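The next block holds one structure in the form of structure tokens; read it before the comments.
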Amino acid sequence: METTRINKLIAHSGLASRRTAEHWIEAGRVSVNGRPAIQGQQVDPDSDKVTIDGVPLPVRPGLVYYLLNKPVDVVSTADDPHGRATVVDLVPSEPRVYPVGRLDRDSGGLLVLTNDGDLTMRLTHPRFGVPKVYAVLVEGRPDAATRQRLLGGVDLDDGTANAADVRVIAENPESTLLELTMLEGRNRVVRRMLEAEGHAVQYLFRNRIGPLADAELRSGAYRLLTIEEVRSLYEAAQGEE
């Protein structure tokens, strides 16, 4: 077991300098395994849970976090028995990472891939309520009553589903561009809700995961998340455990 001073660990994460970390410790903002940290404390990044303002500091060795703009026709799994291209094929093979949630094959947009199981659970479990925002082009023009039903709940074969927010972005006589915010991620749930209301989906793109967005990331490209972005995801997912 190799330990390091807590201020050095925080600085190594890239979140703050050692001096700033010391100020945070002094102010009681830093905890180790649920207890207030003390100056000079030695911690083991493999086993100790360090939090700042209650938000975990992802410092375990080997943790990686990618943001991918998933193209259409790529499946959101680590392996595919049919030999189709997967999202894991688009990022480095080592260390092994897994998609956080999924986007169906016909949809594109932002997807996080990581080997951080804690963050994966927080971003995918409904009780943490992390919003995902989608741009959806549908056939026809959903009226106000339809949009209200999307908010109130649409009966599907696996239970009721509802959007947290629905906005009309643009419309013409044949189609409408909507922005839907969802707090859950059941299989094809956005498509199924809209189709149940008589509006087939022509195009679906996820443009935000919690606080995370990147309009510059081209289709099929990925990048590493910054430590600030990882912390912002943890902060967005501070529901009841």
Legend entry - From the options 61, 45, residue that is buried (at least 17 other Cβ atoms within 10 Å of the Cβ) and either free of Cβ contacts under 8 Å to residues at least 12 places away in the same chain or not in a strand (DSSP E or B) (or both): 45
Inset, instruction - State which residue is nearest to the chain's Cα centre (by Cα) when the search covers only segment 106-120 and only residues that are buried (at least 16 other Cβ atoms within 10 Å of the Cβ) and farther than 20 Å from residue 233 by Cβ. - result: 108
Legend entry - Any hit, segment 217-240, residues being farther than 24 Å from residue 66 by Cα and either in a helix (DSSP H, G or I) or basic (Lys, Arg) (or both): no
Inset, instruction - Working only within segment 18-68, note down all residues that are of a type in the set (S, T, N, Q) and out of contact with any Ser or Thr (no Cβ under 8 Å at 6 or more places or on another chain). - result: 20, 33, 39, 41, 47
Legend entry - Matching entry among 106, 118 (being among the acidic types (Asp, Glu) and part of a helix (DSSP H, G or I)): 118
Legend entry - The listed residue being acidic (Asp, Glu) and under 30 Å from residue 195 (Cα atoms), out of 89, 44, 116, 79: 79
Inset, instruction - Being part of a loop (DSSP other than H, G, I, E, B) and either without any contact (Cβ under 8 Å) to a residue 40 or more places away in the chain or buried (at least 20 other Cβ atoms within 10 Å of the Cβ) (or both) is the filter here, so list the residues in segment 188-216 that pass it. - result: 199, 210, 211, 215, 216
Legend entry - Among residues of segment 142-169, those that are assigned to a loop (DSSP other than H, G, I, E, B) and either surrounded by 14 or more Cβ atoms within 10 Å (Cβ to Cβ) or outside the structural domain of residue 191 (by TED's automatic domain parsing) (or both), counted: 4
Inset, instruction - Consider residue 186 carefully, then state whether it is charged (D, E, K, R), assigned by TED's automatic domain parsing to the domain that holds residue 109 and under 21 Å from residue 112 (Cβ atoms). - result: no
Inset, instruction - Tell me, please, whether a residue that is of a type in the set (Ser, Thr, Tyr) and either within 24 Å of residue 221 (Cβ to Cβ) or free of Cβ contacts under 8 Å to residues at least 24 places away in the same chain (or both) can be found in segment 133-148. - result: yes
Inset, instruction - Answer yes if at least one residue in segment 170-187 is in contact with a strand residue (DSSP E or B) (Cβ under 6 Å, 6 or more places away or on another chain) and surrounded by fewer than 14 Cβ atoms within 10 Å (Cβ to Cβ), and no otherwise. - result: yes
Inset, instruction - Inspect all residues belonging to segment 44-60 and state whether any of them is at pLDDT 90 or above, in contact with a helix residue (DSSP H, G or I) (Cβ under 8 Å, 6 or more places away or on another chain) and not charged (D, E, K, R). - result: no
Legend entry - Residues that are touching a strand residue (DSSP E or B) at 6+ places or on another chain (Cβ under 8 Å) and at pLDDT 90 or above, drawn from segment 6-20: 6
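The values are calculated or read from the model by the stated rules, or taken from the named source; none is laboratory data. What you see is a predicted model; the values in this text were computed from it and never measured. When we count neighbours, we look across all protein chains shown, and the Cβ atoms used for this are built from the backbone with ideal geometry, even at glycine.
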